[in-house]
Amino acid sequence: MAGLPFRGRRARRAGVPDEETRAHAAGAAAAAAAEVEPAPAVVPDLTAAAFFDVDNTMMVGASIFWFARGLAARKYLTTRDMSRFVWQQAKFRIAGNESADDMLTIRESALAFVAGRPVSEIVQAGEEIYDELMADRIWAGTRVLAQQHLDAGQRVWLVTATPVELAGIIAHRLGLTGALGTVSEVVDGHYTGRLVGEMMHGEAKAEAVRALAEREGLDLSRCTAYSDSSNDLPMLTLTGRAIAVNPDTELRAVARSRGWEIQDFRTGRKAARTVVPTVAAAALSGGLVGGAIALRRRDKLPW
């Protein structure tokens, strides 16, 4: 008896490709024949740029704290050093008063941790610390704002009191143009633990932006500045457009009075509430210095 095909199955003729094979061939042929327009190139806008503060603007909390925490994990500093550093950070965050002298003390304390170390060693540590502690703390909303400038062909710089090496790492990882940061003195490839000039804070940020604008041919009236802090008013008032991001109380008031745009990406907080001591909270949750701070309060140790 001649063989009959099974019920429900089509008989296949010898040498005829099956349906799956024919579909694959059709898809490949269609893709090969498709006319694809090249992706539109971004037209450079060489006279406009954007300048972003880092701490609490681009990143949750203080970048120098996360850096110090990463260095502590690598035994670059002791628990006592870390507790002193965090206490200083928390005190000024809680008070909402970051004077130039106060911030200089904090930054020089941080620089002391790396005194005598090779720059290359600290940069390598910074790359690792970014991946471990910083990458997940970038404000998604602020990152989108930066990308909008890049998509418009504009250059984007970070402007921060953070050491320029760390600021450069953050900028590179985010695909930004570059960074203006605090410059440390280096001799024979090693940190001395001292600053060159002063910390990148307040008026120094505005001076850095002016100098960069002159060098790069930027029209500051076409540039945009972003910050969370009233300490950055010199930079914010320098550019043609200013945007307050996660603003402290004073900056929010200034922004409203001047009609500046306000972007607040914080959740679970009242908008008027300034940066709650995120530095201290992170340290305590990490269990790094809670005991040391409690001991300081109890015994009133002089550090």
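The values are calculated or read from the model by the stated rules, or taken from the named source; none is laboratory data. This is a predicted model, so every value here is computed, not measured. Ideal geometry is used to build each Cβ from the backbone, glycine not excepted, and the neighbour counts take in all protein chains shown. Ligands, DNA and RNA are excluded from the accessible area calculation, which covers all protein heavy atoms including side chains. Shrake-Rupley method; radii C 1.70, N 1.55, O 1.52, S 1.80 Å.
Remarks
- For region 154-190, filtering for residues that are β-branched (Val, Ile, Thr) and more than 13 Å from the chain's Cα centre (by Cα) leaves 4.
- Selection status of Arg93, at pLDDT 75 or above, out of contact with any Phe, Trp or Tyr (no Cβ under 9 Å at 6 or more places or on another chain), in a helix (DSSP H, G or I) and farther than 17 Å from Leu176 by Cα: no
- The set of residues from region 162-180 being more than 17 Å from Leu71 (Cβ to Cβ) and part of a strand (DSSP E or B) comprises Gly178, Ala179, Leu180.
- Index of the failed condition, Ala152 passing every other in (1) of a type in the set (A, V, I, L, M, F, W, C); (2) at pLDDT 95 or above; (3) open to solvent by less than 30 Å² (accessible area, probe 1.4 Å): (3)
- Residue within region 155-176 that is of a type in the set (S, T, N, Q) and more than 13 Å from Phe52 (Cα to Cα) present: no
- Scanning region 249-264 for residues that are among the β-branched types (Val, Ile, Thr) and either closer than 15 Å to Thr57 by Cα or under 23 Å from the mean Cα position of the chain (by Cα) (or both) gives Thr249, Ile262.
- Flag if His190 is open to solvent by 20 Å² or more (accessible area, probe 1.4 Å), farther than 15 Å from Asp55 by Cβ and out of contact with any Leu (no Cβ under 7 Å at 6 or more places or on another chain): yes
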